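In what follows, a structure is listed as structure tokens, so that the remarks can point back to it.
No lab work stands behind these numbers, since they all come straight from the coordinates. Keep in mind the model is a prediction, meaning the values are calculated, not measured. Glycine gets a Cβ as well: all are built from the backbone with ideal geometry, and neighbour counts include every protein chain shown.
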Amino acid sequence: VDLISDLHLSPGDTATFEAWRTYLSRTRADAVFILGDLFEVWVGDDSVDAPDEVGRFEQSCADALALTARRVPVHFMPGNRDFLLGADFIARAGLVLLEDPTVLQLGQRRWLLSHGDALCLDDFDYQRFRAQVRTPAWRDAFLARPLPERRALARGLRTESEARKQAGATYADADAALSQQWLALADADALVHGHTHRPRDHALPGGQRRHVLSDWDLLASPPRAEVVRLARDGTFARMPPGEA
Ligand SMILES: [Mn+2]
């Protein structure tokens with residue numbers, strides 16, 4: 001089973017899109033799990049039908065997913081960037097929607113999968129924002145706005161977040177105590193998540209493991225892209241997409 005996350009696909013980055021599409025078409029995995037932030041931003045499924053660059057790009061992403069989904073199941077867990085991705089796109093792209101978190105039982109081992117943003121408790125402002133936007137009322141009100149307005153709002157949020165990054169803002173990591181609590185509830189001994197863009201394998205105080213996925217940015221130097229593969233024998237491996 002392949003796990004990827006944080007591709008942050010956008011019309012302006014064809015290098016990452018092409019690497020991702022090539023990976024999807026060639027992977028030898030029996031299933032692909034996308035653990036959130038596949039898209040840099042998602043403002044509603046109606047955007048795919050817009051007769052412009054963004055709509056055409058999102059359509060080509062749906063096509064790549066649907067083509068892969070004919071061969072192997074492709075699962076999608078929403079991230080903080082694409083939590084508004086809805087049933088229309090899920091159906092169009094042939095995806096299986098996952099709850100966050102989800103337990104994956106593979107062979108004798110139980111893995112807990114998450115995007116990871118809900119674990120970053122020390123990002124106080126973000127947790128407040130998250131609690132607000134994940135309500136059905138907020139979602140309905142936002143999606144009822146005209147598409148150009150939603151896109152403009154998303155651009156504004158992104159500019160703000162870029163400005164915070166430029167100003168040297170630091171971001172929290174997944175909370176160890178909450179990670180252990182989630183693992184205990186799920187009866188799993190390893191957590192795999194993305195979101196923080198800090199790929200590493202951690203040992204938790206209780207002996208469990210926390211594995212962080214890499215983001216994908218083919219325009220960065222050096223370029224970043226990684227696939228995590230879980231096997232039935234309980235093993236965990238990181239590999240470049242070209243070797244998957
Ligand atoms: Mn994220």
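Figures for the structure shown
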| quantity | calculated |
| --- | --- |
| Protection-proxy order for peptides 190-198, 9-17, 207-215, each taking the mean of Cβ atoms within 10 Å per residue, highest first | 190-198, 207-215, 9-17 |
| Calculated Rg and Dmax of region 54-98 using C-alpha coordinates, Å | 10.2, 28 |
| Computed label-point distance, nm, for sites Glu160 and Met239 using a 7 Å Cα→Cβ extension | 4.2 nm |
| Interatomic Cα distance distribution for region 1-143, bins of 5 angstrom, percent | 2, 9, 18, 23, 21, 14, 9, 4, 1, 0 |
| Inter-label distance, nm, simple model (7 Å from Cα along the C-beta direction), Ser25/Ala169 | 3.8 nm |
| Shape of region 188-244, Cα gyration tensor, a/c cut at 1.5 | oblate |
| Relative packing of 84-90, 110-116, 49-55, 24-30, which averages over residues the other C-beta atoms within 10 Å, highest first | 110-116, 84-90, 24-30, 49-55 |
| Leading residue at positive end of dipole, the chain (Cβ point charges), from Ala188, Pro222, Gly86 | Ala188 |
| Order by protection proxy (mean Cβ within 10 Å, highest first), peptides 149-158, 62-71 | 62-71, 149-158 |
| Residue list for region 1-24, given a label point 7 angstrom along the Cα-to-Cβ vector of Ala50 and an amide N cut-off under 17 Å | 9-13 |
| Convex hull projection area averaged over all views, the chain, Cα basis, nm² | 13.1 nm² |
| Inter-centroid distance (Cα atoms) of region 149-167 relative to region 1-44, Å | 22 Å |
| The chain - mean residue ellipticity at 222 nm from DSSP helices (-39,500 (n - 2.57) per run, n ≥ 4, rounded to 500) | -11000 deg cm²/dmol |
| Karplus-derived 3J(HN,Hα), 6.51/-1.76/1.60, for each residue of region 5-10, Hz, glycine and proline x | 7, 6, 7, 6, 4, 8 |
| Translational D in µm²/s for region 88-190 (Stokes-Einstein at 4 °C, 1.567 mPa s, Kirkwood Rh from C-alpha pairs) | 78 µm²/s |
| Under 5 Å, built H, 5+ apart or other chain: amide partners of Trp216 | Leu7 |
| Vicinal HN-Hα couplings computed from phi for region 32-40 (Karplus, 6.51 cos²θ - 1.76 cosθ + 1.60; Hz; Gly/Pro x) | 10, 10, 9, 9, x, 6, 5, 9, 4 |
| Computed label-point distance, nm, for sites His202 and Thr135 using a 7 Å Cα→Cβ extension | 3.0 nm |
| Derived scalar couplings ³J(HN,Hα) [region 98-106; Karplus, 6.51 cos²θ - 1.76 cosθ + 1.60; whole Hz; x for Gly, Pro] | 10, 6, 10, x, 10, 8, 10, 9, 10 |
| Total charge dipole magnitude, region 93-244, about the Cα centre, Cβ charges on Lys, Arg, Asp, Glu only, Debye to nearest 20 | 280 debye |
